């Protein structure tokens, strides 16, 4: 039982990362109603931006992080402006949008690999330089603690944005019915563009935190996206709270699932959880 | 531009690509009557590119060192990123387009992909791999220190250090599985026990929970069997978990470019090359020989020796090169006196090394 506090901490750390991805994914899905597969690659874009500015050029780390997050947002906005919006105007099906996002993901991954090679890179300094904290009998690093705090702050910020601002009202209106929102005078394309910026920036932030915790590689987005999608589905697709709940549930199930069995079963456990939800509760826990 | 013009331009474009592709493939597939082509499939890009580059440089060095020969030898390199899916397409290209007589592969996963294709197409295949299955068949060979040799040395070292409890972190890959299966057999004859054996999938980056499971196992040393970057992430997370237990490996530390992560740790690896080879390699590349580089150098020379040893009026066929290879005994390679045994395996001895000042150095056996 000595292992339990550490497993709880590990679950919270994993849940926080998944939550950041799921928050952005759900935010975009809520407004557009399609699975944006290019969402995960935003994590790689911001991670490599920080790597380039902070480690290659030696710029200030805070500047690099802000630039990285903004770049992910701009790329997400650009994808909507130049790919998804023209397709939406042609009233294509969600399947076409999904395939377009798959193409965007593959192309962006390839560009990153060409620019930076496909080698794994880490944003953190050498090992042993991270501060370690003892929490409830477990050990947690400074980066992991920051990740958890940022996730909580981002969730609070997103809730305020959605429920206390005109922009949030517009997003919720589009989420309920885009056609009606347009009729009542909301510039839906403009709002969706901003949603893409914010959602992609959140994925970018997750990528930077992962870069500091473990490392970055051009293909990191797909694995992250899958975990974000699983979290969203089990929590309730399009529901902000559901995504976060699903992310932490996934983190706990994955980490406690391999307590008594081999670690190679981790992904099998995650996808079994997804299948169970798809069969018995396809609309997720929050059941929006 | 009207629709018809667009169609015409499109069709001309497609035809141009097909024609250029045809002539390019024709030019590369023409084999000189006196030329023997050797294809090499290794990671030239990706996290393990430094190993593929080492193999490439060693083979080019071997070709450069070659004296006068009856036949000309051409090396063709293909990148597989050590990903068996990419290995299959690379090897099919080498056989189908380049018409190679022999193929060299790196790693047990890719080796297991190449072996049946080489056997089916009757092309000589030399794997730099630990899994003995890679050498199955008439055309397949291995030049690598087998797990049994490495484990023998590893177990002796554990015993000499008085270690009784071993923890294992193992990537779910063929080479690692073959090594651990053999190690478990060897440990049965000793009082050393594996107190925790944590297996994870390639590509995994979050090892925190399996580290937590291993932490209280009482292991006196942890054996890490993984490729880069999982190896470095695992080592980093072990330290971050507050574990100061020594780390060791069988080969893995030399699969990393960040060997300083393992400063002061001992490990077992494949045989050390001669000083002469090491010097020549360093002059050519400005680097120490990477894992498998010396094997690649020897493989090139073994294939050349087999081809040159064939007595016939025409250039030897791959089957004749394979036959000649099986007769090679006491070949003076950079990894010692080499012989091809009845299983098609060229056995070399294992050595113990330590990371000292960021570099691998040989220590006592």
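Scanning for something within 14 Å of another protein chain (Cβ to nearest Cβ) and either out of contact with any strand residue (DSSP E or B) (no Cβ under 7 Å at 6 or more places or on another chain) or modelled with pLDDT under 90 (or both), does the stretch B:53-60 turn up at least one residue? Taking every residue of the stretch B:53-60 in turn, at least one turns out to be within 14 Å of another protein chain (Cβ to nearest Cβ) and either out of contact with any strand residue (DSSP E or B) (no Cβ under 7 Å at 6 or more places or on another chain) or modelled with pLDDT under 90 (or both). Tallying residues that are surrounded by fewer than 22 Cβ atoms within 10 Å (Cβ to Cβ), farther than 30 Å from residue B:315 by Cα and within 14 Å of chain A (Cβ to nearest Cβ) within the stretch B:74-98 yields 4. Scanning the stretch A:72-105 for residues that are loosely packed, with under 14 Cβ neighbours inside 10 Å and either under 26 Å from residue B:43 (Cα atoms) or within 14 Å of chain B (Cβ to nearest Cβ) (or both) yields a single hit, A:103. The numbered conditions (1) facing chain A (nearest Cβ under 10 Å); (2) modelled with pLDDT under 95 are all true for residue B:169 except (2).
Within the stretch B:206-229, being more than 9 Å from chain A (Cβ to nearest Cβ) and outside any loop (DSSP other than H, G, I, E, B) holds for B:214, B:221, B:222, B:223, B:224, B:225.
Filter the stretch B:38-50 down to the residues that are within 13 Å of residue B:77 (Cα to Cα) and surrounded by 24 or more Cβ atoms within 10 Å (Cβ to Cβ), then identify the one that is nearest to the other protein chains (Cβ to nearest Cβ). Restricting to residues being within 13 Å of residue B:77 (Cα to Cα) and surrounded by 24 or more Cβ atoms within 10 Å (Cβ to Cβ), the top hit is B:43.
Restricting to the stretch B:61-73, and then to whatever is assigned to a helix (DSSP H, G or I) and out of contact with any strand residue (DSSP E or B) (no Cβ under 7 Å at 6 or more places or on another chain), can you tell me which residue is surrounded by the fewest Cβ atoms within 10 Å (Cβ to Cβ)? Once the filter is applied, the top-ranked residue is B:64. Checking the stated criteria, residue B:203 turns out not to satisfy the condition of being within 11 Å of chain A (Cβ to nearest Cβ), more than 26 Å from residue B:348 (Cα to Cα), surrounded by fewer than 20 Cβ atoms within 10 Å (Cβ to Cβ) and free of Cβ contacts under 8 Å to residues at least 12 places away in the same chain.
All conditions in (1) in contact with a helix residue (DSSP H, G or I) (Cβ under 9 Å, 6 or more places away or on another chain); (2) away from chain B (no Cβ under 14 Å); (3) surrounded by fewer than 21 Cβ atoms within 10 Å (Cβ to Cβ) hold for residue A:2, with the sole exception of (2).
Taken over the stretch B:337-365, the criterion of being touching a residue at least 24 places away in the same chain (Cβ under 8 Å), under 15 Å from residue B:295 (Cα atoms) and part of a loop (DSSP other than H, G, I, E, B) is satisfied by B:344, B:347, B:348, B:349, B:350. Within the stretch B:306-365, the set of residues being crowded, with 16+ Cβ neighbours inside 10 Å and at positive phi comprises B:336, B:344.
Filtering the stretch A:106-124 to residues that are more than 9 Å from chain B (Cβ to nearest Cβ) and under 20 Å from residue B:207 (Cβ atoms) leaves only A:123. Scanning the stretch A:31-50 for residues that are surrounded by fewer than 24 Cβ atoms within 10 Å (Cβ to Cβ) and either within 14 Å of another protein chain (Cβ to nearest Cβ) or within 14 Å of the chain's Cα centre (by Cα) (or both) yields A:35, A:37. All of (1) touching a residue at least 40 places away in the same chain (Cβ under 8 Å); (2) in a helix (DSSP H, G or I) hold for residue A:237 with one exception: (2).
Screening the candidates A:235, A:243, A:263 for the property of being touching a helix residue (DSSP H, G or I) at 6+ places or on another chain (Cβ under 7 Å) and closer than 30 Å to residue B:214 by Cα yields one hit, A:263. Can you spot a residue in the stretch B:272-291 that is away from chain A (no Cβ under 14 Å), in contact with a strand residue (DSSP E or B) (Cβ under 6 Å, 6 or more places away or on another chain), over 29 Å from residue B:74 (Cβ atoms) and surrounded by 17 or more Cβ atoms within 10 Å (Cβ to Cβ)? Yes, that holds for at least one residue. Can you confirm whether residue A:157 is over 21 Å from residue A:30 (Cβ atoms) and more than 14 Å from chain B (Cβ to nearest Cβ)? No, not satisfied. Among the helices (runs of 4 or more DSSP H) lying completely within the stretch A:161-230, list those that include at least 2 residues that are modelled with pLDDT of 95 or more, surrounded by 21 or more Cβ atoms within 10 Å (Cβ to Cβ) and within 14 Å of chain B (Cβ to nearest Cβ). Because the criterion is at least 2 residues that are modelled with pLDDT of 95 or more, surrounded by 21 or more Cβ atoms within 10 Å (Cβ to Cβ) and within 14 Å of chain B (Cβ to nearest Cβ), the helices (runs of 4 or more DSSP H) in the stretch A:161-230 that meet it are A:188-213. The lone criterion from (1) within 14 Å of chain B (Cβ to nearest Cβ); (2) under 22 Å from residue A:24 (Cβ atoms); (3) more than 21 Å from the chain's Cα centre (by Cα) left unmet by residue A:143 is number (3). Restricting attention to the stretch B:240-252, the residues being touching a strand residue (DSSP E or B) at 6+ places or on another chain (Cβ under 9 Å), within 12 Å of another protein chain (Cβ to nearest Cβ) and more than 15 Å from residue B:166 (Cβ to Cβ) number 3.
The values are calculated or read from the model by the stated rules, or taken from the named source; none is laboratory data. Just so it is clear, the structure is predicted and the values come from calculations on it, not from any experiment. Cβ atoms come from the backbone with ideal geometry, glycine included; neighbour counts cover every protein chain shown.
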